[in-house]
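> One structure is given below, represented as structure tokens, and several questions about it will come after.
The values are calculated or read from the model by the stated rules, or taken from the named source; none is laboratory data. Only a predicted model underlies this, so the values are computations on that prediction, with no experimental measurement involved. We place every Cβ from the backbone using ideal geometry, glycine too, and count neighbours over all the protein chains shown. Only protein heavy atoms, including side chains, enter the accessible area calculation; ligands, DNA and RNA are left aside. Shrake-Rupley method; radii C 1.70, N 1.55, O 1.52, S 1.80 Å.
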Amino acid sequence: MNTPVGIYVSIPFCKAKCSFCNFASDVFGSERMDSYIDRLCREIVSARHEAQRTGAVLEASADSVYFGGGTPSLLSPDQFRRIFTALRGEFHISQEAEITVECAPGQLSSETLEALQREGMNRVSLGVQSFVDREARTVGRLHTGPECEAEIARLQAAGVSKTGLDLIVGLPHQTEASWRESVDRALESGVGHISVYMLEVDEDSRLGREALAGGVRYGAGDLPHEDDVAEWYEMGCELLQKAGTGQYEISNFARDGERSLHNMKYWRRLPYIGFGLDAHSMLLSENGSVRFQNPDGMNVYMNDPTGPFPMVGVEAQERPVERVSREAAFEESIFLGLRLNAGVRLTDLRESFGVEMVESLMPSMAEVCEAGLLTMDEERIRLTAKGRLASNEVFSRLLVAAAV
Ligand code: SF4
């Protein structure tokens, strides 16, 4: 078991809250940001102790670090320095490690960019969402299309070796033509990685509340029809594919050599550890694997009594840890692996879980294949293009069968 670990660091700060966002992120003052970094660093230095307590294997070497959020680019050079010092004290982060920082266009100062590059940051993921100003503005993004293009050019000129961006299909006011424009401009920008997310309107987001209660502020009345969104997603997949930015996961497209190595760990069930608000971890253990997660409320996280370094005056408690059963690991291997275009190797499943367990799934796999949602050959199972649009249905049909 010498698989290097992936490290996720949650930075849940944003300059403004986007209307569709249901992440555990918000707008906070600089004092709170600073005390959060202290808390985060204490968590990092306690990681090995925590892993030991839970019986998990935490490798000393790490080959990916991912700063997500939120908008991590809002941190100062000094705040990043403190985090990297804590990380390097606990982990050997290899020279070749993929180090990604999520940024919002126009929200990465040149000082922070330089500091990050000195720390080995080699990948930036930009939250563009749309190059069309009206769409970006309606959901609360603070940038324009030309500003996004200028930001990408700046990062490339500064020598950031891998750049990527996120787009959302299904935004208020979006049309087929405006979606196509965003995809075209993303390709023209020269980034090597593009993520495409279909907008899911969450009831707890501002947009979701407006969709339920009515109103005009967030454009809930101007959301495109879901059938159109599905068509545009497929059109986006084709345009990206034709331009050499091939799909490798339901929402992710990359040129050769530009896939996100960190995110691949999630889909391949490779070990990762998360630090910070709402961060999740999955580590291997002697008998399989364990999962645990941090609180998703800022006050709870800041005063979290779990772990070896509780806040002063708070009684230490043990953090709940889920020991992943063999059945649950089998299910995860299927629904996470099927997200990848490469699909799941049946030989790997048989080796890890036994022939019997895989055979038990064959009748329902055959049914899902019959419905045109899955393909299966001697070696692999894979979602079809239709299956990628109905992935939740496929997963639940297979998982019900796996649980029987
Ligand atoms: S910048 Fe990202 S994390 Fe922050 S509110 Fe917008 S979508 Fe959510």
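> With a 1.4 Å probe and every protein chain kept in, tell me what percent of the accessible surface of the range 325-404 is carbon plus sulfur.
Looking at the range 325-404 in its full context, I get 53 percent from C and S.
> Where does each of Phe335, Phe253, Phe23 land when they are ordered by accessible area, with a 1.4 Å probe and the largest first?
Numbers: Phe335 65, Phe253 0, Phe23 130 Å².
Result of the area sort, largest leading: Phe23, Phe335, Phe253.
> Taking the solvent-accessible surface of protein heavy atoms with a 1.4 Å probe, what is the per residue accessible area of the chain in Å²?
45 Å²
> Using only helices, what value at 222 nm comes out for the chain when you add -39,500 (n - 2.57) per DSSP H run of length 4 or more and divide by the total residues, to the nearest 500 deg cm²/dmol?
Dividing the helical sum by the residues of the chain leaves -12500 deg cm²/dmol.
> What trypsin sites (Lys or Arg not before Pro) does the range 327-360 have in DSSP loop regions with at most 13 other beta carbons within 10 Å?
Here no loop site has a sparse enough neighbourhood.
> By a straight-distance test (C-alpha under 27 Å), which lysines pair with Lys242 as possible cross-link partners, with residues fewer than eight away in the same chain excluded?
Once the sequence-local lysines are set aside, what remains near Lys242 is Lys162, Lys265, Lys386.
> Of the heavy-atom accessible surface of the range 179-241 (probe 1.4 angstrom), what whole percent is carbon and sulfur?
42 percent
> How about the chain: what cysteines have no other cysteine beta carbon under 4.7 Å from their own?
Cysteines of the chain left without a disulfide-compatible partner: Cys14, Cys41, Cys103, Cys148, Cys237, Cys369.
> From the protein chains alone at 1.4 Å, what is the descending order of accessible area for Thr163, Thr375, largest first? Write out the running numbers ahead of the final one.
Details: Thr163 10, Thr375 65 Å².
I get Thr375, Thr163, largest accessible area first.
> Still on this model: Determine how large the accessible area of Lys15 is when every protein chain is in place; take a 1.4 Å probe and give Å² rounded to the nearest 10.
Near enough 120 Å² of accessible area.
> Would you please put 288-300, 74-86 in order of how densely packed they are, using the mean number of other Cβ atoms within 10 angstrom per residue and starting with the highest?
In descending order of packing, they fall as 74-86, 288-300.
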